Amino acid sequence: MRGQVESHLPAGYSLSWSGQYEFLQRMRERLKLVVPITIFLVFILLYLNTRSVVKTLIVFAAVPFSAVGAIWLLHWLVTT
């Protein structure tokens, strides 16, 4: 059974993680499939819009810089 730990327990006893931990494990497995598909679909949509792989890659390269700017803005808004 997935999630069982049987070390350092007397005979006949077992531990099983359940609840939020189990939900987290299922969510991680699902996201391993959903996130790459989503990124691929966004790439395709951008390519269809621009008709250029270079322009699409430039947009993808700008995303991390935009995220950093958004985090700095949130930090600035909270501290002032």
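The values are calculated or read from the model by the stated rules, or taken from the named source; none is laboratory data. Predicted model only: the values in this text are computed from it and were never measured. SASA here: full protein model, heavy atoms, side chains in, ligands and nucleic acids out. Shrake-Rupley method; radii C 1.70, N 1.55, O 1.52, S 1.80 Å.
Within the stretch 17-29, is even one residue modelled with pLDDT of 95 or more, open to solvent by 100 Å² or more (accessible area, probe 1.4 Å) and not acidic (Asp, Glu)? Scanning the stretch 17-29 turns up at least one residue that is modelled with pLDDT of 95 or more, open to solvent by 100 Å² or more (accessible area, probe 1.4 Å) and not acidic (Asp, Glu).
Search the stretch 30-53 for residues being open to solvent by 100 Å² or more (accessible area, probe 1.4 Å) and part of a helix (DSSP H, G or I), and hand back the single one that is farthest from Val63 (Cα to Cα). Out of the qualifying residues, it is Arg30.
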